[in-house]
Amino acid sequence: MIRPFSLSDLNSILQIESQSFPKSPYDWTTFLHFHMLHPDTFLVCCNTHSRGEEILGYIIFSQDGHIISIAVHPLHRRKGIGARLLQKVMNIPNLQKAWAEVRRSNLGAQAFYLRMEFQIVGLVPNYYGNEDALIVQWTPPLPRR
Ligand SMILES: CC(C)(COP(=O)(O)OP(=O)(O)OC[C@H]1O[C@@H](n2cnc3c(N)ncnc32)[C@H](O)[C@@H]1OP(=O)(O)O)[C@@H](O)C(=O)NCCC(=O)NCCS
């Protein structure tokens, strides 16, 4: 199930974050900030079972298609969860483009975006301080006539 983030998800999100971005994890104040700015497009993917809910991953994006962050719990990768989260951006009505910044060293995420039909369209030197960002972008196909 994919649903909007709620405050009770924060601890799980912070754990996924520290495992996914060990060099520069967002802290809880940053996530609260994103929750206030993007209440409808800060989404979590979760499993519900008898012991309660398990948060498997999250995505934060803006309505104009900027993917601010996406991460899936390391134990649940390569199961299609990232793709399902990314589809939420790609399905925004009348979207002009979707784009994200990716560390040059993050080959896994680059392979993920390329598989999702994004293209590398640019590079921002030292975007992460001592590391460049690649800009990956997807534009919706033109409607068939
Ligand atoms: C990038 C990330 C969100 C992908 O999530 P995921 O749930 O594992 O992705 P999916 O299972 O939906 O992958 C879809 C396809 O993308 C490609 N792909 C995904 N991760 C890949 C990897 N590490 N290496 C190569 N290809 C990969 C594969 O083609 C995959 O399909 P397949 O498993 O059938 O071969 C996840 O690896 C992650 O959280 N990484 C750490 C955080 C991060 O780097 N976020 C992006 C920052 S810009």
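Before moving on, here are some points about what is shown:
- Pairs, first exposed (fewer than 14 other Cβ atoms within 10 Å of the Cβ) in region 119-145, second part of a loop (DSSP other than H, G, I, E, B) and of a type in the set (D, E, K, R), C-beta under 8 Å, six or more apart: Leu123/Arg104; Leu123/Asp132; Val124/Asp132; Pro125/Asp132; Asn126/Asp132
- Residue check, Ala111 exposed (fewer than 11 other Cβ atoms within 10 Å of the Cβ) and not in a loop (DSSP other than H, G, I, E, B): yes
- Matching strands (runs of 3 or more DSSP E) fully within region 1-103 where at least 3 residues are buried (at least 16 other Cβ atoms within 10 Å of the Cβ): 42-49, 52-61, 67-72, 98-103
- Where a residue in region 69-85 is free of Cβ contacts under 8 Å to residues at least 40 places away in the same chain and its partner, wherever it lies, is among the aliphatic types (A, V, I, L, M) and within 7 Å of the ligand (Cβ to nearest atom), with Cβ under 6 Å and at least six apart: Ile81/Val72; Gly82/Val72
- Count of residues meeting criterion [of a type outside the set (S, T, N, Q) and closer than 24 Å to Ile2 by Cβ] in region 88-145: 26
- Residue match in region 46-68 (condition: among the small types (Gly, Ala, Ser), under 30 Å from Pro143 (Cβ atoms) and modelled with pLDDT of 95 or more): yes
- Failed condition for Leu107, given (1) within 13 Å of the ligand (Cβ to nearest atom); (2) touching a strand residue (DSSP E or B) at 6+ places or on another chain (Cβ under 7 Å): (2)
The values are calculated or read from the model by the stated rules, or taken from the named source; none is laboratory data. Bear in mind the structure is a predicted one, so any value in this text is a computation, not a measurement. Glycine gets a Cβ as well: all are built from the backbone with ideal geometry, and neighbour counts include every protein chain shown.
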